[in-house]
Amino acid sequence: MPGFNERIQAALEQRRRDDLYRQRLTLESSQGPTVRVEGREVLNFCSNDYLGLAAHPEVVAGLCEGAERYGVGSGASHLVCGHSAPHHALEEALAELTGRPRALLFSSGYSANTGTLGSLLQKGDSVFQDRLNHASLLDGGLHSGARFQRFRHSDVPHLEHKLAGVTEGEKLVVVDGVFSMDGDVAPLTDLAAACRRNNAWLMVDDAHGFGVMGPGGAGSVAAAGLDVDDVPVLMATLGKALGCAGAFVAGEAPLIESLVQSARNYIYTTALPPAVASAALAAVRLLTTEAWRREHLEQLIRRFRAGAEAVGLPLMASTSAIQPLLVGDAGKALELSARLRVAGLLVGAIRPPTVPAGTSRLRITLTAAHSEQQVDRLLEVLAEEAAQVL
Ligand SMILES: *Cc1c(COP(=O)(O)O)cnc(C)c1O
């Protein structure tokens, strides 16, 4: 037997050879349209801080006030003595914003998805997932004990064909509201109709729609005009547009109560620091008082797409803040990202297994904190460098 060390070394070397090796950046500043990396200011086009709230003074003040009053650690899980007033107030605010009777906080989106799927599904049930769903949804479905089926990306007839083939057990259809690496919006109205016809529940992970889309930032489900009957399980995160950390699931009271009783990722983990909940409450307030952030972001998205089209960049069909540039080859995606970095722009190269083989890309994200000039600079550098690499 070669042993762990040899196996680890061989896997690392293989990753390098395949251009799939990943490296972390160390930031020396807060999130923002520019960030400091290795002593240099660069323009940041890879953050999910879509509204520019991660370092907003009111959100920072929310965190500080929360820490002054509640300290740092929550001390225990929610069910022991870790559930504090800011957690409770945030759950109520999130339920109201999403138009659902109740919401339940989780420490992360990964944990909300795996915990919810594990609690809701049983052996004998079937779960149907879009093949481009986020890894946390796929993992939760695979580990749930239910029969796991993937359907072609946003292909409702394909889903419906699979749904019709199942006659026993409960059926749950799961999609990203806005797909995290492609930026396109799921066909939520058609999915909800297909679920209704086939007696299935629909779960939407709105990590990238919540805060950004829909009335008051309520998300992609509200933007599609769908309610809790159409989408009984709504999940979203607080670490992206809200600029904080954590996640929640919203729905009818019995669903939420069943998660409290049986979601292992809810029960067996320490609650988020109360100060983070207090910061997220401030971010939720800003969603209504600073609607200009969503409008400015919309305008930047239109500007970027028009500019990219004009110079023939290979855009994908996305109208969201996620504007990927399809490259294909992992090595080329890395090279383009490195060239942009030299020019002072930070854009991540997304490679397998995060995306399917042969579809490596630059995942460009725009935020409300960017200016038109910064987007124009991005377009200018992209046009130059893409011509060298693609
Ligand atoms: C980021 C993300 C998650 C995970 O959320 P975390 O809070 O970062 O763990 C889940 N689903 C989607 C679609 C995401 O983009």
If you check ALA250, ALA271, ALA283, which single one turns out to be away from the ligand (no atom under 12 Å from the Cβ) and over 22 Å from LEU79 (Cα atoms)?
ALA283
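Residues in the stretch 122-137: is at least one of a type in the set (A, V, I, L, M, F, W, C), modelled with pLDDT of 95 or more and surrounded by fewer than 16 Cβ atoms within 10 Å (Cβ to Cβ)? I'd like the intermediate steps shown before the answer.
Going through the stretch 122-137, the residues of a type in the set (A, V, I, L, M, F, W, C) turn out to be 127-128, 132, 135, 137.
Those left that are additionally modelled with pLDDT of 95 or more: 127-128, 132, 135, 137.
When the remaining residues are screened for being surrounded by fewer than 16 Cβ atoms within 10 Å (Cβ to Cβ), the result is 135.
Yes, the stretch 122-137 contains at least one residue that is of a type in the set (A, V, I, L, M, F, W, C), modelled with pLDDT of 95 or more and surrounded by fewer than 16 Cβ atoms within 10 Å (Cβ to Cβ).
Each row is one residue, and each column tells you yes or no for (1) among the hydrophobic types (A, V, I, L, M, F, W, C); (2) crowded, with 24+ Cβ neighbours inside 10 Å; (3) modelled with pLDDT under 95.
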{"position": "GLU257", "(1), (2), (3)": "no, no, no"}
{"position": "TYR266", "(1), (2), (3)": "no, yes, no"}
{"position": "ALA280", "(1), (2), (3)": "yes, yes, no"}
{"position": "HIS296", "(1), (2), (3)": "no, no, no"}
{"position": "GLN299", "(1), (2), (3)": "no, no, no"}
I'd like the full set of residues that are of a type outside the set (S, T, N, Q) and over 30 Å from ALA283 (Cα atoms), limited to the stretch 174-200.
ASP190, LEU191, ALA193, ALA194, CYS195, ARG196, ARG197, ALA200
ARG363 passes all but one of the listed conditions (1) of a type in the set (Lys, Arg); (2) in a helix (DSSP H, G or I); (3) farther than 30 Å from HIS83 by Cα; the exception is number (2)
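Residues being part of a helix (DSSP H, G or I), more than 14 Å from the ligand (Cβ to nearest atom), touching a helix residue (DSSP H, G or I) at 6+ places or on another chain (Cβ under 8 Å) and within 19 Å of SER220 (Cα to Cα): count how many of those fall in the stretch 95-121.
Qualifying residue count for the region: 2.
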Of all residues in the stretch 139-170, count the ones that are within 16 Å of the ligand (Cβ to nearest atom) and without any contact (Cβ under 8 Å) to a residue 12 or more places away in the chain.
1
Mind checking which residues of the stretch 202-221 are in a helix (DSSP H, G or I) and buried (at least 24 other Cβ atoms within 10 Å of the Cβ)?
GLY217, SER220, VAL221
Being closer than 19 Å to ARG102 by Cα and part of a loop (DSSP other than H, G, I, E, B) is the filter; apply it to the stretch 226-241 and report the residue that is farthest from the ligand (Cβ to nearest atom).
ASP229
So which residues in the stretch 33-82 are in a loop (DSSP other than H, G, I, E, B), within 22 Å of the chain's Cα centre (by Cα) and on the phi < 0 side of the Ramachandran plot?
PRO33, PHE45, CYS46, SER47, ASN48, ASP49, TYR50, LEU51, LEU53, ALA54, ALA55, HIS56
Is there a residue being small (Gly, Ala, Ser), assigned to a strand (DSSP E or B) and in contact with a helix residue (DSSP H, G or I) (Cβ under 8 Å, 6 or more places away or on another chain) anywhere in the stretch 131-153?
no
Restricting attention to the stretch 1-31, report how many residues are on the phi > 0 side of the Ramachandran plot and surrounded by 12 or more Cβ atoms within 10 Å (Cβ to Cβ).
1
Those residues of the stretch 115-135 which are in contact with an Asp or Glu (Cβ under 8 Å, 6 or more places away or on another chain), among the polar types (S, T, N, Q) and farther than 22 Å from PRO356 by Cβ, in sequence order:
GLN122, SER126
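The values are calculated or read from the model by the stated rules, or taken from the named source; none is laboratory data. All figures in this text were calculated on a predicted structure; none of them were measured in a lab. Counting neighbours? That spans all protein chains shown, and the Cβs are built from the backbone with ideal geometry, glycine included.
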